[in-house]
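These notes are about the structure you will find just below.
The values are calculated or read from the model by the stated rules, or taken from the named source; none is laboratory data. What you see is a predicted model; the values in this text were computed from it and never measured. Please note: Cβ atoms are built from the backbone with ideal geometry, for glycine as well, and neighbour counts cover all protein chains shown. Just the protein is used for accessible areas: all its heavy atoms, side chains included, with ligands, DNA and RNA removed. Shrake-Rupley method; radii C 1.70, N 1.55, O 1.52, S 1.80 Å.
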Amino acid sequence: MTQGKLPKSPKPWWNHYCSRAEKQKKRAWGIFRRYPTEANLIEFKRARSQARRIRRESQRIWNEKVFPTSWQRAIVIPIAKPGKDPQDAGNYRPIALTSCLCKLMERMVNARLVYCLEEKGTFSPFQSGFRHHRSTIDNILLLETSIREAFVRNQHLVSIFFDMEKAYDRTWRYGILKDLYHLGFRGNLPVFIQNFLKTRVFQVRVGSTLSRDFYQREGVPQGSVLSVVLFILKINDIVKQLPLTVKGTLFVDDFQISCASANMSTIERQLQIAIRKITDWTNTNGFVISNQKTICMHFCRKRGLHPDPEITLNGVALPERKGNSNKTERKAAQLFKKEGEQVRTEARTKEPGPKHPARVPISGRPDDVARKKLVNDKNPTCGQ
């Protein structure tokens, strides 16, 4: 796994409007320096005043700690999940539309914040979500390597995949600000994030109809650029709760742990210790783990009867899925058998076509016989 570095951004409030105004000012100055006329002088002064005005507007939000009220509003459009019942309101994915200028400001602050966090090494090395040169492939390779090592050592490997209920909506805002303070962030950045996380107002739009105003007093805003980094910062410490014998990986809110051993009782004991610590941490930080969507997978190559893991979460046994399940193999065999029977049936019902002539051996073809006779006539001793 590699860890990329972001370019340093010395001015968090600097945007492309400032860059364009600065280029126009430099272009006007270059023209006036080569052709010092009165008209070029007026054009240079106009470009300089325009660049100064744009910079001051961008600096005001950052330096004066002013956050526009319109930036705290959002329009939520529900999109139905494919293959789900559209009559159930829980089967819709909310898409939040926020201010474009707010997103631009968020990107500038996000670039500076991510740079500082990566420089300090704040993020866990097992977190691969929304980081430079990191992806889900890193987590998949780590799990695959652990599984192959367990197979080589003739061991069991049990992996648990956790699912957070409404992870973004349950994020503890005060906890985010507290983590930023402990990391040494002072000045305008924490104030901007605090104003960004203040009470948000959103409306739901279906077609051309808007609902009444709803207030979001907890969690990070949906559809915002800065929300992902703030959520990753808050959930970062969950990996530190694991025992040394348990491995874990993160992709934003998707959390996975695994343990390998030849003794199933050892695996159950270590995973139960890890689950208890994870549950205590989530209860302290406001997260909730879903018992229905959290699953347990058992990987092994041992033949014959062997014990299956019995893992519980909040007193409820986790559903188990075997990594080498024969059920999938049986379904695939039945499918291939069905397709093979269909192909054979089509071959029997197909009308017979014209028969191909029998293949003639190479040595018996007419052209080869004629060529051999011609060579023997030219050289009588060749055929003897």
Worksheet, complete the sentence: Note, the stretch 221-235: 3J(HN,Hα) by Karplus (6.51, -1.76, 1.60, θ = phi - 60°), whole Hz, Gly/Pro = x, goes x, 6, x, 9, 6, 6, 5, 5, 5, 5, 5, 4, 5, 6, 8
Item to complete: Estimate the FRET efficiency between Val204 and Ser135 by the formula 1/(1 + (r/R0)^6), using the beta-carbon distance for r and 25 Å for R0, to the nearest 0.05.
Response: 0.15
Item to complete: Using amide H atoms built 1.01 Å from N in the peptide plane, name the residues 5+ places from Ala74, or on other chains, whose amide H lies under 5 Å from its own.
Response: Val201, Phe202, Gln203
Fill in: Convex hull volume per residue in cubic angstrom - Cα atoms of the stretch 54-197
190
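Filter the trypsin sites (Lys or Arg not before Pro) in the stretch 116-191 to those in DSSP coil with at most 15 other Cβ atoms within 10 Å of their Cβ, and list the result. Could the numbers behind the result be given before it?
Details: sites: Lys120, Arg131, Arg134, Arg148, Arg153, Lys166, Arg170, Arg173, Lys178, Arg186; in loops: Arg131, Arg134, Arg153, Lys166, Arg170, Arg186.
In loop regions of the stretch 116-191 (DSSP not H, G, I, E or B), the sparsely surrounded trypsin sites (Lys or Arg not before Pro) are Arg153, Lys166, Arg186.
Got a number for carbon plus sulfur as a percent of the stretch 64-136's accessible area, 1.4 Å probe?
Numbers: 2410 of 4190 Å².
Of the solvent-accessible surface of the stretch 64-136, carbon and sulfur hold 58 percent.
Just the number please: accessible area per residue for the stretch 115-217, 1.4 Å probe, all protein chains included, in Å².
Details: 5720 Å² over 103 residues.
In whole numbers, the stretch 115-217 has 55 Å² accessible per residue.
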